[in-house]
Each structure stands twice: as C-alpha cells, then as structure tokens.
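Trainee: Below is a structure I'd like to ask you about.
The values are calculated or read from the model by the stated rules, or taken from the named source; none is laboratory data. Computed from a predicted structure; not experimentally measured. Note that each Cβ is placed from the backbone with ideal geometry, even for glycine, and that neighbours are counted across all protein chains shown. Note: areas computed on protein heavy atoms with side chains; ligands, DNA, RNA excluded. Shrake-Rupley method; radii C 1.70, N 1.55, O 1.52, S 1.80 Å.
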Amino acid sequence: MSILAWTYIMVGLTFGIYIFIAWISRVRDTKGFYVAGGGVPPLANGMATAADWMSAASFISMAGLISFLGYAGSIYLMGWTGGYVLLALLLAPYLRKFGKYTVPDFVGDRYYSDTARFVALVCAIFVSLTYVCGQMRGVGIVFSRFLEVPVNTGVLIGMAIVFFYAGLGGMKGITWTQVAQYTVLITAYLIPAVFISMKIAGTGIPQIGLGGTVQTGQYTGQYLLDVLDKLNTDLGFTAYTQPGAKSMLDVFCITFALMVGTAGLPHVIIRFYTVPSVRAARLSAGYALLFIAILYTTAPAVAAFARYNMIDTINDKPYAEAPSWFKNWEKTGLIAWVDKNNDGIIQYRAGKPFVGKPKFVKGKTGPLGQKIVANKLTNSPNELYVDRDIMVLANPEIANLPNWVIALVAAGGLAAALSTASGLLLVIASSISHDLYYRMINRKATEKQRLMVGRIMIGIAVCIAGYFGINPPGFVAQVVAFAFGLAASSFFPIIVLGIFSARTNREGAICGMLAGIIFTAAYIIYFKFMGGTKDQWLFGISPEGIGTIGMIINFVVTYVVSSMTKAPPEEIQELVNSIRTPRGAGAAVDH
Amino acid sequence: MSKNLQEYWRKNVTFMSFLLAIWAIVSYGCGILFVEPLNAIRIGGFPLGFWFAQQGSIYVFVCLIFIYYAYMQKLDREYDVHE
C-alpha cells in the first residue's frame, strides 16, 4: 500500500478515536468544563500533561535542532524538562490545594485584587495565543506534506477537530483525547528511533545507542560521538559534544528562563487542578516528566543518528548517487544543493550555502537534474541547504522503514500539535469565561450561561488561531520562544511568593508582575523588532535568556514593595496556611 | 499556624531545598558550568559533561520528583495532615 493510503488510514483512525472520546466525555457543568470535574487519575493526568506540553516543536523540530547544534542544543533538553521539578516542588501541590480553576484565579484571590487578576489574565491570554498560532501552522504543514492537501485546508480541518472535542468536552474531553494523543505520538516517535538505533549503533535502545559504536562503514567500531566530533571539526563546525560560541552566562540564562517559563505556563499549571488530591498532584507531576523524558532522552539520540547519517550518506558523494530520500525532500524545497565548484559532488561544510531560505527557479533544472536556486550565493564552500525540521520527518525514509511507519509519524506530528493546541485554547476560554466574565463582569451568571460563554470563547479562539495559522505573521516563530520569557517573568515569582511568603501583599504582586513583564517585553521588542544589536546586550544576555533577569526583577520588586506596604489581611494569612497542608483538598468547592 | 504545623512546613521546605540543590548541581553544574572538565572523563562512548547535559540531568529530574512524592507521603502521615 502507498504511503498516502497508509497516511489516510492512520490519520483517519486516530481522528476517529479523538472524536469518539470527545463524544463519550461531553460535559454539562463548568467544573467538568474547566477542570474535568477534578477526578482525573494521576497516571492519566501525567500522560495528558505530557501530550499537552509536547508540541509540534518538540515532536518535529527539536531533534533536528539538536542535530545541528550538538551540545548547544542541551539548553532545550534541560530547559524544557527541568521546569517540571520546580512545578512539582514549588507549585503543583499548593495550587491543587487552593483548588480553583485557573491561574488568574489564584493570583486574584491570593492577592485579593481584581487588578492583579486582570494583569494575570492578560498575560495568560497573550502567552497562550502566541503559542497556539504556531500549533495550527504545524497542523497545516503536516497535512500538506503527508496528505497532499493545501496548508490552509489542513489548518481548517485541524480547527474543526479541535473545536469539536474542546467545545463539547471542555477539559474533560481534552484530558482523555490527550491521553490517546500521547500514546500515538510516543509510539510514532519511538518506532523509527529504535530501528535507526539498531541500524547505526546495533542496539534497540536509542539512549544507549547514543554512546555506542558505529556498526558499519568506514568508522566501524568507533564511538558514534567521537565520529561526530571528528566529522564536525573536519567540516568546520564546533565539535559535537563541546560547548560552542555562546557565553556561559547566556546559556545559563536561557536554560533558566526555559525552566521557569515551563513551570509558569498556564496550560501546564491548570492540568494540576484536574486531579482529585494534593497527593495525586505530586504524583502526576512525576508521571508527566517520566512520560516527557521518554521522548526527551530519545531526541538527542535521534539527533546524533541523523547527523551521522546525513554526513555519511551525502557529504562528498556525487549528486547522481544521492539516496532517494534526498531527492524526495529536495522536491519539497527543504533540501537544496548548489554545485558551486561544478564537480557534481555534494560538499557539506560549515556556513550558509546562500542567503535566506531557498527560492527555486521554476521549471529549470541543472545538468544533473537538481533544482536551481535563485538566492544570492555566499563565499562559503558549503553547497548544501538542509531544513532542520526534516530530521525527524525523514528518519523513517532514511532507515528504509515500511510505509505504515512513515504514516504513523504523520499521525504523531498531528497528535502533538492538536493536543497542545487544545490545552491552550482551553486556557484562553476559561480565562475569559471564568475570570473575566464570571468573576469580574457578571457575578450572577448561571452555570448554563458560563458554560455557554466558555464554548463560544473556544470557538472564537479557534478562529483567531486558525486565522494566524493560515496567514502567519512573520513574528510568530520569534514570539513563541518569548512566551517562555514572559511566563517566567510574570507568573512564576508571584505564585511562588504567594505560597512561600505569607507577607507578600497585593501592592507587591502587582508592581512585581508589571516590572517583570515590562522589562522583559521591552528588552525583547527592542532587540527583535527595533533593530537592537548584539553588542548592546545587557551582560551579553540574549533576548531568549532575558526572562531570567525579568524574573529576578519581579522577585525583588514584589519583595521590597510588600515589605514597605501594609501586610495582607488576616484571611489571606489563613488561606496561605491552609494551602500548605494537603488535608481537605478534595472538598474544593465552586465559589 | 500551630507549632506542629510550623515544624511540618519547615521540614518540607528543608527537604525541598535539598532536592533543588541537586537539581541545580546536575543541570547548571554538571551540564553547563563544568561541562568541559567533565567531558575529559568518559563513560563508554559518552563524554560525561555531554551525557549530563543531554541525558543524565533528565533522569535525575524524574527521580527527584518521585523522591519528593515519597518523602511527603511519609511527612503528611507523620504530622497527620494527609488526605
């Protein structure tokens, strides 16, 4: 059976499962809609959190990124997992004991202020909205590559599916579809990884294969990482396992901003409101990271295998003898080759082959059948352009795996994008329908009205996300990375202080949040959109890492302002005391 | 807060700080600050610093959360604040 037929079957089957789950878990009350009724078992919540967290970027792009960055890619591996330790130790159990529905809910109640609630609300919506646009785009791209439908049609299909199960089942529908989506995406990630590991390193466990020896070819018997170090150095790159040009302080700050940002992302935090107890919140954070770690420890292995495979099979080989996957991906424009020295041989070296992304001259091919690029060439001896994203997607083809595996990877990519999109949409919908509409506008709203507003908000949010998925503004890719910086500098400090320091008050929290966000946002906007240059960086910290400084500013401002102003009222002190002990969490009531 | 609960909270915070110290040592210490000296040490095909940065730190993170869970289960019962 052809790849296309298999892909239709796999994608159709998985979508059928998601819709079926949504139908049986449809909800009638707001508690079900916002927090799945608060009865999700820890193991299921762990899987749902893992799927919620791992987006199209984790599934498709991360291994490719590490493949090209080598050691420097570790910032993503540590940054996107280490945050769960903070979440499990500092936030999840206490927020669960607090037992409301959203992050702005906690901020508003703990700091007895609708201003604080509103600031938190705006942050939550901004962070989630920037993030969700990228997911919709991811859905469209997977559709177009594997199902041969236009990107826009792909986005529309994705929108319809997400609206159906998030609108119908709210958090409950999302939770159980995410459990199914985790199963699909992890299977799709592991199968090709295991096969490639067997092929290159002779072991079925990629995590061990990464430190294993090469099984065939001219490097037989040498350690894979040694071979990569040597290949990278020979071709003019930094050695694969060694730190690159980034300053250590910058690496430090980026990793920290990613960790803290992860812990502060509203769509991750609200998953811990869905479990029945504090004990379950602690446990499910462990399961969540365990399930994430299965993919995150496989990714660096996939990255190294892909790097080795690419250099070994393509570099210094005649174009005429290039493997078929090379030519397949050349057709999609994600690989391009310019024969700068007219020798008919592909030279892969450090540096860009030409300026920007490849633009092909229509209908014209070179003497060997290669597509001709119209871009301005660089002086670099490098002749090869490879898009980082193909590393995971092309893996099954490189390893000659059967067609159904390739189809499974497509279904996995879709599962990763859809699960994250639905979690984000729910944050947006619950922030507006619960925090803004019910808590700030209409305190007398009935259960039915609130549910209706929630569903309408999901519809509106889906449309906005879809619009930006179809017409992506150039800045989305840049902004997504900064969602972390903003989450780190806004929520994290005031939630932590709200739990660990009873003295922190309203004035401190509002000033701290504003100071953190304004500083971080201004820094990012200046350097990303207003032409700030690298030599102006504060202490050499890049905009990606500035969330760390924003977070410190938030902590300091909150602390100083709090100690200079009036202590919070008696009942807040009691609230803080009560969230510090687990007993009574089950009795969380609607308020 | 009663004296008993203060003690419960203090023990919780102490243990938590201990775990966070390990968290910082494996990621920021072994994975970033000392990556070059550690890379001189090899475990099989892995330079040690690289292994910590791309594999080891993640394994340790998972363990830390489960250790905290187990410790708090015990502590909750000891101070009779469990659910």
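Trainee: List the strands (runs of 3 or more DSSP E) inside segment A:334-404, counting only whole elements, that have at least 3 residues being touching a residue at least 60 places away in the same chain (Cβ under 8 Å).
Mentor: On the way: elements: A:335-337, A:360-365, A:371-373, A:384-386.
Result: empty, no element qualifies.
Trainee: crowded, with 23+ Cβ neighbours inside 10 Å and within 14 Å of chain B (Cβ to nearest Cβ): which single residue out of A:Tyr71, A:Tyr111 fits that description?
Mentor: Going through A:Tyr71, A:Tyr111 in turn, the sole match is A:Tyr71.
Trainee: Mind listing whichever residues of segment A:90-110 are touching a Pro at 6+ places or on another chain (Cβ under 9 Å) and assigned to a helix (DSSP H, G or I)? Give the derivation first.
Mentor: Taking segment A:90-110 as the starting set, the residues that turn out to be touching a Pro at 6+ places or on another chain (Cβ under 9 Å) are A:93, A:96-97, A:102-104, A:110.
Across segment A:90-110, the qualifying residues are A:Pro93, A:Arg96, A:Lys97, A:Val103, A:Pro104, A:Arg110.
Trainee: Quick check on my filter: what residues within segment B:30-64 are open to solvent by less than 10 Å² (accessible area, probe 1.4 Å), more than 7 Å from every other protein chain (Cβ to nearest Cβ) and out of contact with any Leu (no Cβ under 6 Å at 6 or more places or on another chain)? Step through it out loud before you land on a result.
Mentor: First, the residues of segment B:30-64 that are open to solvent by less than 10 Å² (accessible area, probe 1.4 Å): B:31-32, B:35, B:45, B:47, B:49-50, B:53-58, B:61, B:64.
Now narrow it down to the ones that are more than 7 Å from every other protein chain (Cβ to nearest Cβ): B:49, B:56.
Selection gives B:Gly56 alone.
Trainee: When you check A:Asp316 against the structure, is it touching a helix residue (DSSP H, G or I) at 6+ places or on another chain (Cβ under 7 Å) and more than 10 Å from every other protein chain (Cβ to nearest Cβ), yes or no? Show your work before the answer.
Mentor: Working: touching a helix residue (DSSP H, G or I) at 6+ places or on another chain (Cβ under 7 Å): no; more than 10 Å from every other protein chain (Cβ to nearest Cβ): yes.
Spelling it out, it is not the case that A:Asp316 is touching a helix residue (DSSP H, G or I) at 6+ places or on another chain (Cβ under 7 Å) and more than 10 Å from every other protein chain (Cβ to nearest Cβ).
Trainee: Here's another thing I want to ask about it. All but one of (1) within 14 Å of chain B (Cβ to nearest Cβ); (2) closer than 22 Å to A:Ala394 by Cβ hold for A:Ala281, so report the exception by its number.
Mentor: In the conditions (1) within 14 Å of chain B (Cβ to nearest Cβ); (2) closer than 22 Å to A:Ala394 by Cβ, A:Ala281 misses (2) alone.
Trainee: State which residue is farthest from the other protein chains (Cβ to nearest Cβ) when the search covers only segment A:291-313 and only residues that are farther than 30 Å from A:Gly363 by Cα and surrounded by fewer than 19 Cβ atoms within 10 Å (Cβ to Cβ). I'd like the intermediate steps shown before the answer.
Mentor: So the first thing to find is which residues in segment A:291-313 are farther than 30 Å from A:Gly363 by Cα, and the list is A:291-309, A:312.
Pick out the ones that are also surrounded by fewer than 19 Cβ atoms within 10 Å (Cβ to Cβ) and you get A:294, A:312.
On the way: A:Ile294: 10, A:Asp312: 17 Å.
Going through the qualifying residues, I end up with A:Asp312.
Trainee: So if I check each of A:Phe482, A:Phe529, which one is surrounded by 23 or more Cβ atoms within 10 Å (Cβ to Cβ) and at pLDDT below 85? Give the steps one after another, and end with the answer.
Mentor: On the way: A:Phe529 fails: surrounded by 23 or more Cβ atoms within 10 Å (Cβ to Cβ).
Only one candidate passes the filter, namely A:Phe482.
Trainee: Moving on to the next point. When A:Gly99 is evaluated against the numbered criteria (1) more than 14 Å from chain B (Cβ to nearest Cβ); (2) more than 29 Å from A:Gly413 (Cβ to Cβ); (3) of a type in the set (Gly, Ala, Ser), which criterion, by number, is the only one it fails?
Mentor: Condition (1) is where A:Gly99 drops out.
Trainee: Right, something else. With the checklist (1) out of contact with any His (no Cβ under 9 Å at 6 or more places or on another chain); (2) open to solvent by 40 Å² or more (accessible area, probe 1.4 Å); (3) part of a helix (DSSP H, G or I) in hand, flag the one item B:Gln73 doesn't pass.
Mentor: (1)
Trainee: Does any residue of segment B:8-21 turn out to be more than 7 Å from every other protein chain (Cβ to nearest Cβ) and under 16 Å from A:Met259 (Cα atoms)?
Mentor: Looking for residues that are more than 7 Å from every other protein chain (Cβ to nearest Cβ) and under 16 Å from A:Met259 (Cα atoms), one finds at least one in segment B:8-21, hence yes.
Trainee: Same structure again: Determine if segment A:459-466 includes at least one residue that is open to solvent by 30 Å² or more (accessible area, probe 1.4 Å) and within 20 Å of A:Gln178 (Cβ to Cβ).
Mentor: no
Trainee: Hey, can you tell me all the residues within segment A:241-257 that are closer than 27 Å to A:Gly211 by Cβ, within 11 Å of another protein chain (Cβ to nearest Cβ) and among the aliphatic types (A, V, I, L, M)?
Mentor: A:Met248, A:Val251, A:Ile254
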